[in-house]
Amino acid sequence: MKIVSICAGKLTLAVLLAGYFLAAAAIPARAGLGDDATSIESDAAAMQGTLSQAAPTAAAQPSASYRVKTFVTGNGTTVREYAAQSGTIFGVAWRGRRPPDLSRLFGSYYSEYSTAAANKRHSNLHHQVTVSPHMVVAMHGHMGHLVGRAYVPGLAPSDVDPKAVVQ
Amino acid sequence: MKNSITGAAFVTIIGALTIATGALAQLASDSGAVKASASIAHIGVAPRAVGFGVAKVIETRSIKIRNAGNIDASVTVVAPSTPFSVTAGGGSYSLTPGQIQYISIQFAPTAAGPVRQEMAIQCANCTPASDDNIAITLSGNAKAPIAVPTGTSPSATPTSPTATPTATPVPSTSNALPFSVTAGSYEGVDEPYASVTICATGTSDCTVVNDVLIDTGSFGLRIFGSQIRQLGITPNTNGSSEIGECAFFGSGTTWGSVSTVDVKIAGEPTITIPIQVMDDIDAFASPPRDCTQGQQLIASPSEAGFNGLLGIGQVANDLIFTDYFDCTRNSCSALDSPPNSDVVLNPVASFPVDNNGVVVSLPSIPAGGQATTNGTLYFGIGTESNNQPGAVKTYRENSNADSDDYLDVDTVYKGATAGGFFDTGSNGYFFNSSVAECSDGSGFYCPASTLSESATIESVSGSVSDAVSFEVANADTLFNSNGAAFDDLGGSYDGGATFDDFDWGLPFFFGRTVYLGLVGSSSSLGAGPYAAY
């Protein structure tokens, strides 16, 4: 039985349900990996965060092949989304005290991730790498210090190594 | 009382054992309040025969011991020999009246064919005299060897500091908690396991929980509910609600109630503290979505590889790192400011003495690893004769609780500087590097031949530094060996190509004695947080 907390907010619930029904209809989910960069703003809103208004730094935009957008969630976690010039989001990364909403960030790839992750033992409390047919998810962290990244190599621009850039 | 099993119910189970005296018959009808006039110890042991059948993998079974008397029982588990071994609950210890202890027996066949053996559970002061030596028949069969003869039996490596025949030796000093880096019940690798005793508050209803992972990377004690269900512990309440908690780790999230219990660790005085009871038995509300955030739940001991987590890192409680909830059976809502009495506490900070930090000590181990390595966790720094820092260097850590690098030292690797931390709950050196990862996608490193690496640990203030040389061996080779303790296991930190943080996990601790000072405490090494070795 799925319990949705009262505090999760109607917005999150609505987005979840919307994502669920869209995914069920085999239409790409409205946010996260695989979707268009225009969805990043709604990702930020769903996580009670706002997109960084600061100009992108040189380090964050090192290539003409992709763009990076950063936002900080309501509970203080920094999220970066990486989009190809075509607009398709091919990578997400995060750093903070609490995990971001992976089911939203991973978009239509979330079910692939959750199936693969459910078959893994948590043999290392502080470390988990999950490789599934289309995506790579690596997470690390002790209490208060969580980092992670996820990318879909097949969506990355041909001249971009997602392992190197998604961080 | 959703997950409680009453004392009476338990006596019904144990009641299958013959209870000879009138006094004990009375006990059996009312174990909660001991009314017996005679003071005796008596142990119930079940089962008396353990069959493993035809094993295809290393198998583990449990035997339950319960003190059905009304005084402490002095119990000794006489370990069997190969291919059987005691992997948890072994050694000599005292059971308080009503206390239950589980013994894990492992069968790791080293040859094809049937084997049969007797092991003994002894009680030095029990009545009747038949408790003096209770024989347990162990039997099993195999079509082929599963373990090599020098195998995984903890008793095959007689390096226990207290020379007891057990994977988790009995403490010898009040502030010293022995632990074992051993496969344990969950085939762990570089996982330091210890035992802690949990009791229903103010009672002698206690149980020893084995295979509790010692974690300097978290704060607070977390025990799976299945391990303490017989104690009938209930969630702490907040008005008409019950308190739930969600804690976040790199591999997933733990969820369960907050319950205040009595905790006995090593020989330190009993402390009464809130712990997280990780719910693996559906005794509590389901985790709210705000808790899981699409992350995987660390949902059971077999998934986690431990029965509990002894979070003895450098902060006194977990409040700023975790989320608390007000729960009913069917829903939970965020509790942003839990009452102080419901905040999960780091046991170390809760001790009346020996509360300014911990000392982790592990011996050096040979290249290629060991099946079992025993170490000691000392509580306190400079508070007892056994935790005095000698000639050590002290590295100040980031003390800004708002920083991403809180509790980090600096670490320089190949010219790049990032944060570094000392974490017994991480089973490798984790750092992003160009070393080849294993083909199984685990993120561990699998270089063709063992690499000699170096990184420099630096204090965040001042000029103290140390160039640390370490080795990274092929993880597949290590995992396919018979060892469970390795000082040369490494992996990527977060799957990236750029060095960003250095997790000095358990391999770092072999051959070292490491002092970790709590935030807000002080010792002869100065004010915490710091690391020294």
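Annotations
- Taking the stretch B:300-323 as the range and being surrounded by fewer than 24 Cβ atoms within 10 Å (Cβ to Cβ) and more than 8 Å from chain A (Cβ to nearest Cβ) as the test, the residues that pass are B:Ser300, B:Pro301, B:Ala316, B:Asn317, B:Leu319.
- The lone exception for B:Tyr515 - which of (1) within 14 Å of B:Tyr395 (Cα to Cα); (2) among the hydroxyl-bearing types (Ser, Thr, Tyr); (3) assigned to a loop (DSSP other than H, G, I, E, B) it fails: (3)
- Where strands (runs of 3 or more DSSP E) fall entirely within the stretch B:69-134, those with at least 3 residues that are under 22 Å from B:Val208 (Cβ atoms) and among the polar types (S, T, N, Q) are at B:100-107.
- Residue count, the stretch B:405-437 (criterion: crowded, with 19+ Cβ neighbours inside 10 Å and closer than 24 Å to B:Ser218 by Cα): 21
- Listed here are the strands (runs of 3 or more DSSP E) enclosed by the stretch A:64-104 that have at least 3 residues being farther than 26 Å from A:Thr115 by Cα: A:66-72.
- Within the stretch A:84-114, the set of residues being more than 7 Å from chain B (Cβ to nearest Cβ) and hydroxyl-bearing (Ser, Thr, Tyr) comprises A:Ser86, A:Thr88, A:Ser108, A:Tyr109, A:Ser111, A:Tyr113, A:Ser114.
- Residues within the stretch A:128-147 that are in contact with a Phe, Trp or Tyr (Cβ under 6 Å, 6 or more places away or on another chain), under 27 Å from B:Ala183 (Cβ atoms) and not aliphatic (A, V, I, L, M), tallied: 1
- Qualifying residues in the stretch B:324-340 (those that are loosely packed, with under 13 Cβ neighbours inside 10 Å and among the polar types (S, T, N, Q)) - the one nearest to the other protein chains (Cβ to nearest Cβ): B:Asn330
- Conditions (1) over 19 Å from B:Gln295 (Cα atoms); (2) surrounded by fewer than 24 Cβ atoms within 10 Å (Cβ to Cβ); (3) touching a residue at least 12 places away in the same chain (Cβ under 8 Å); number of the one not met by B:Thr237: (3)
- Looking only at the stretch B:463-475, and only at residues there that are surrounded by fewer than 20 Cβ atoms within 10 Å (Cβ to Cβ) and modelled with pLDDT of 95 or more, the one that is farthest from B:Pro507 (Cα to Cα): B:Val464
- Flag if B:Ala455 is buried (at least 20 other Cβ atoms within 10 Å of the Cβ), aliphatic (A, V, I, L, M) and not assigned by TED's automatic domain parsing to the domain that holds B:Ile312: yes
- Residues in the stretch A:115-136 that are surrounded by 24 or more Cβ atoms within 10 Å (Cβ to Cβ), more than 7 Å from chain B (Cβ to nearest Cβ) and either part of a helix (DSSP H, G or I) or out of contact with any Asp or Glu (no Cβ under 9 Å at 6 or more places or on another chain) (or both): A:Thr130 only.
- Condition check for B:Leu345: surrounded by 20 or more Cβ atoms within 10 Å (Cβ to Cβ) and either of a type in the set (Ser, Thr, Tyr) or more than 10 Å from every other protein chain (Cβ to nearest Cβ) (or both): yes
Results for (1) surrounded by fewer than 24 Cβ atoms within 10 Å (Cβ to Cβ); (2) part of a loop (DSSP other than H, G, I, E, B); (3) within 12 Å of another protein chain (Cβ to nearest Cβ), shown as yes or no for each residue.
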| residue | (1), (2), (3) |
| --- | --- |
| B:Thr260 | yes, no, no |
| B:Glu268 | yes, yes, no |
| B:Ala283 | yes, yes, no |
| B:Ser286 | yes, yes, yes |
| B:Cys291 | no, no, yes |
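The values are calculated or read from the model by the stated rules, or taken from the named source; none is laboratory data. Small disclaimer: the values here were computed from a predicted structure and weren't measured. Backbone-built Cβ (ideal geometry, glycine too); neighbour counts: all protein chains shown.
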